[in-house]
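These notes are about the structure you will find just below.
The values are calculated or read from the model by the stated rules, or taken from the named source; none is laboratory data. Keep in mind the model is a prediction, meaning the values are calculated, not measured. Quick reminder, even Gly has a Cβ in these numbers, built from the backbone with ideal geometry, and neighbours come from all protein chains shown.
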Amino acid sequence: MLLRQYGIRFGIMAALFGTLAGCSEKAPKKAPPATPPGGVARQTDAPGSEQRKASPEEIADMTPPGDAADSSPADSETEPSVDLATDAPPEGPTVPTPATPTEPAPASANQVLLGSAELTAGIPGDDGPLSVEEIHAWLDQPENHEVLEIELPLGLKAGGYGKDLAQTAPLTRAKIELGRQLYFDTRLSADNTVSCATCHAPDEGWARHTQFGEGIGGQKGGRNSPVSYNRIASGAQFWDGRAASLEDQAVGPIANPIEMGHTHDAVVTILQGVEGYRLQFERIFGSDKITIDDVGRAIAAFERAVVTGPTPYDYRGQLEPFLKLTEEDFADDAELKQDYETRLAEADAHPMSESALRGRNLFFSEKINCAHCHVGANFSDEKYHNLGVGMDRPEPDLGRYNVTKDDKDRGAFKTPTIRNVAQTAPYMHDGSQKTLLEVVEHYQKGGTPNPSLSPKIVKLVLSDQDKLDLVAFMEACTGEFPEVQPGRLPE
Ligand code: HEC
Ligand code: HEC
């Protein structure tokens, strides 16, 4: 029975993907391909995942990954530590499993869906500071110290991110919660006014709507605050990748004179003096002496729990292969029909406009090819490219060059994610572009000319409608952020 069912399903999906593979050629010239890249890409848990050869993200990945003339982390010291190229689903590709578009509730206590509020909503209890008793009670629950088995939400899930974390940087509820407290605690800054959340604010897209980050005493740096979500999908940190890991990155701002303006020693002393912190560090890291590295580990754990939820683009992607099926295909397979109906309902509840669908085609098209760099489940190749932003200034920020001193890295910056980008204006490393439309127009004119301009950045022929469509597509890449408790810090 099972075999028969799988046999049929395999046949249907094979036929389906056969059509897809050829669809862009067969389709009338003007009509957009029925399933553009990106559509099927999210499709890792589709009944047809055994057909992953058709995955457009893999196709996208097959386009020269090295961006030969651009800088590639492969020849730099800050090689991404996460294997980014893999959009392969964590599961083996051979066993066709019934599709489960809606995540089933995890079975055991240590299985969690990243992005769910239970991880970031703080220690339960009344509002107000955390008492030592509350912290004791929290730390005394064994499940808060169990290493979590994580699952990523639809969309990001296709990236298979964080697979090695259990070995390299295990996540526990207690560690994530400690990181949450540190992230929102202004005691980490010299004058007690600035926390990580000052520049990476949950209600400003985990970034900041100012051109530059503003640290203690209102001091400004020269770079725009990037997002602190989906860091689990990312290796080297900062616009220029100078921090090899999230742990390294997290302790940087504390000692940066224009950000939090403290010293690591002073911060450790302050935390050591707060009983609630001392108890947590001791229990979580097993030493009665707090270290700055453990501060970094806890903050990084919290940041890894901050991921974007499924977007209209993802819901549409998981529906699309089913749109090719006919009543006949469903006749024999109630389960397949059920999958289809669930996906249809989810896509209907999170619709993509016609404009966004056209924009998606442009984004992934060979001609426009934004996905050359904004690739994979988190829409970033994690590499460095020169778009010419700010290169017309007398003393431009040389970006990646400052790290590698390699001429080809002049003015190159790390590709940011497109997920939730609609919520993180202004844009680019220098916050110089105010809207997504302005960004699209920068690409349209082929960037700002300069000797190190990426060869991938060329003038684009885009109608006004095309530009709006690209913006609509990016807006359709917006999912929910996890609910987070910004208060409830140790008293
Ligand atoms: C004064 C504003 C400010 C504060 C405070 C601040 N940041 Fe940042 N953050 C920035 C800016 C600006 C950058 C980009 C700097 C660069 O690339 O050189 C950045 C970069 C980052 C990145 C890298 C993201 C990426 O895409 O590579 C992460 C993660 C991050 N910050 C997290 C934190 C954490 C955690 C804290 C608290 C310990 C913190 N930030 C405090 C402004 C700030
Ligand atoms: C050659 C690689 C490359 C291509 C192709 C590319 N991008 Fe980018 N994109 C980047 C990099 C690198 C940055 C950051 C540049 C900087 O700050 O100097 C960026 C920045 C952006 C931003 C701003 C994000 C933020 O958080 O500040 C958006 C939006 C964006 N790109 C959309 C697009 C669209 C739409 C296309 C296609 C028309 C496209 N990109 C094509 C590499 C690329």
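Being within 30 Å of HIS200 (Cα to Cα), over 20 Å from the mean Cα position of the chain (by Cα) and outside any helix (DSSP H, G or I) is the filter here, so list the residues in region 307-351 that pass it.
PRO351
Would you check if there is a residue in region 163-176 being more than 16 Å from ligand 2 (Cβ to nearest atom), in contact (Cβ under 8 Å) with a residue 60 or more places away in the chain and in contact with a His (Cβ under 7 Å, 6 or more places away or on another chain)?
yes
One line per residue, one yes/no per condition, for (1) without any contact (Cβ under 8 Å) to a residue 12 or more places away in the chain; (2) over 24 Å from ALA121 (Cβ atoms); (3) among the basic types (Lys, Arg); (4) not assigned by TED's automatic domain parsing to the domain that holds THR417:
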position: LEU279; (1), (2), (3), (4): no, no, no, yes
position: GLY296; (1), (2), (3), (4): no, no, no, yes
position: ASP329; (1), (2), (3), (4): no, yes, no, yes
position: ALA334; (1), (2), (3), (4): yes, yes, no, yes
position: GLU341; (1), (2), (3), (4): yes, yes, no, yes
position: GLU354; (1), (2), (3), (4): yes, yes, no, yes
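I'd like the full set of residues that are more than 15 Å from ASN402 (Cα to Cα), within 16 Å of ligand 2 (Cβ to nearest atom) and not aliphatic (A, V, I, L, M), limited to region 228-250.
Passing the criteria: SER228, TYR229, ASN230, ARG231, SER234, GLY235.
Just a yes or no: is a residue in region 195-212 among the polar types (S, T, N, Q), out of contact with any Ser or Thr (no Cβ under 7 Å at 6 or more places or on another chain), assigned by TED's automatic domain parsing to the domain that holds GLN280 and away from ligand 2 (no atom under 16 Å from the Cβ)?
Scanning region 195-212, I find at least one residue that is among the polar types (S, T, N, Q), out of contact with any Ser or Thr (no Cβ under 7 Å at 6 or more places or on another chain), assigned by TED's automatic domain parsing to the domain that holds GLN280 and away from ligand 2 (no atom under 16 Å from the Cβ), so the answer is yes.
Being under 24 Å from LEU398 (Cα atoms) and either buried (at least 20 other Cβ atoms within 10 Å of the Cβ) or in contact with a helix residue (DSSP H, G or I) (Cβ under 9 Å, 6 or more places away or on another chain) (or both) is the requirement here; does ARG278 meet it?
Spelling it out, it is not the case that ARG278 is under 24 Å from LEU398 (Cα atoms) and either buried (at least 20 other Cβ atoms within 10 Å of the Cβ) or in contact with a helix residue (DSSP H, G or I) (Cβ under 9 Å, 6 or more places away or on another chain) (or both).
Under 21 Å from the mean Cα position of the chain (by Cα) and within 16 Å of ligand 1 (Cβ to nearest atom): does that describe THR415?
Details: under 21 Å from the mean Cα position of the chain (by Cα): yes; within 16 Å of ligand 1 (Cβ to nearest atom): yes.
Spelling it out, THR415 is indeed under 21 Å from the mean Cα position of the chain (by Cα) and within 16 Å of ligand 1 (Cβ to nearest atom).
With (1) closer than 27 Å to LEU156 by Cβ; (2) surrounded by fewer than 19 Cβ atoms within 10 Å (Cβ to Cβ); (3) β-branched (Val, Ile, Thr); (4) touching a residue at least 60 places away in the same chain (Cβ under 8 Å) as the list, and THR448 as the residue in question, which single condition is left unmet?
(1)
Of the conditions (1) part of a helix (DSSP H, G or I); (2) within 13 Å of ligand 1 (Cβ to nearest atom), ALA371 clears all except one; give me its number.
(2)
Filtering region 282-299 down to residues that are at pLDDT 95 or above and away from ligand 1 (no atom under 16 Å from the Cβ), which residue is surrounded by the most Cβ atoms within 10 Å (Cβ to Cβ)?
Selected residue: ILE284.
Residue by residue, here is whether (1) within 13 Å of ligand 1 (Cβ to nearest atom); (2) in contact (Cβ under 8 Å) with a residue 60 or more places away in the chain; (3) not assigned by TED's automatic domain parsing to the domain that holds ALA207 holds:
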site: LEU387; (1), (2), (3): no, yes, yes
site: PRO394; (1), (2), (3): no, no, yes
site: ASN402; (1), (2), (3): yes, yes, yes
site: ASP406; (1), (2), (3): no, yes, yes
site: ASP409; (1), (2), (3): no, yes, yes
site: THR424; (1), (2), (3): yes, yes, yes
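Take the conditions within 30 Å of PRO312 (Cβ to Cβ), out of contact with any helix residue (DSSP H, G or I) (no Cβ under 8 Å at 6 or more places or on another chain) and either among the basic types (Lys, Arg) or without any contact (Cβ under 8 Å) to a residue 12 or more places away in the chain (or both) and apply them to LYS456. Does it pass? Steps first, please.
Values: within 30 Å of PRO312 (Cβ to Cβ): yes; out of contact with any helix residue (DSSP H, G or I) (no Cβ under 8 Å at 6 or more places or on another chain): no; either among the basic types (Lys, Arg) or without any contact (Cβ under 8 Å) to a residue 12 or more places away in the chain (or both): yes.
So LYS456 does not fit the description; no.
Could you tell me which numbered condition LEU148 fails, if it satisfies all but one of (1) without any contact (Cβ under 8 Å) to a residue 24 or more places away in the chain; (2) touching a Ser or Thr at 6+ places or on another chain (Cβ under 7 Å)?
Condition (1) is where LEU148 drops out.
When you go through VAL112, VAL147, VAL132 one by one, which is the residue that is away from ligand 1 (no atom under 16 Å from the Cβ), over 27 Å from the mean Cα position of the chain (by Cα) and surrounded by fewer than 20 Cβ atoms within 10 Å (Cβ to Cβ)?
Going through VAL112, VAL147, VAL132 in turn, the sole match is VAL132.
Looking only at region 426-442, how many residues end up being among the acidic types (Asp, Glu) and away from ligand 1 (no atom under 16 Å from the Cβ)?
2
Could you check, for region 471-482, whether at least one of its residues is in contact (Cβ under 8 Å) with a residue 40 or more places away in the chain, farther than 26 Å from ASN361 by Cβ, of a type in the set (Phe, Trp, Tyr) and more than 13 Å from ligand 1 (Cβ to nearest atom)?
Yes; the residues of region 471-482 include at least one that is in contact (Cβ under 8 Å) with a residue 40 or more places away in the chain, farther than 26 Å from ASN361 by Cβ, of a type in the set (Phe, Trp, Tyr) and more than 13 Å from ligand 1 (Cβ to nearest atom).
Out of the residues in region 195-223 that are surrounded by 24 or more Cβ atoms within 10 Å (Cβ to Cβ) and within 6 Å of ligand 1 (Cβ to nearest atom), which is farthest from the chain's Cα centre (by Cα)? Working first, answer last.
So in region 195-223, the residues surrounded by 24 or more Cβ atoms within 10 Å (Cβ to Cβ) come out as 196, 199, 206-207, 213.
Pick out the ones that are also within 6 Å of ligand 1 (Cβ to nearest atom) and you get 196, 199, 213.
Details: CYS196: 18, CYS199: 18, GLY213: 21 Å.
Only one residue tops the list, namely GLY213.
Here's a check for you: in region 241-255, which residue that is outside any helix (DSSP H, G or I) and of a type in the set (Gly, Ala, Ser) is farthest from LEU387 (Cα to Cα)?
SER245
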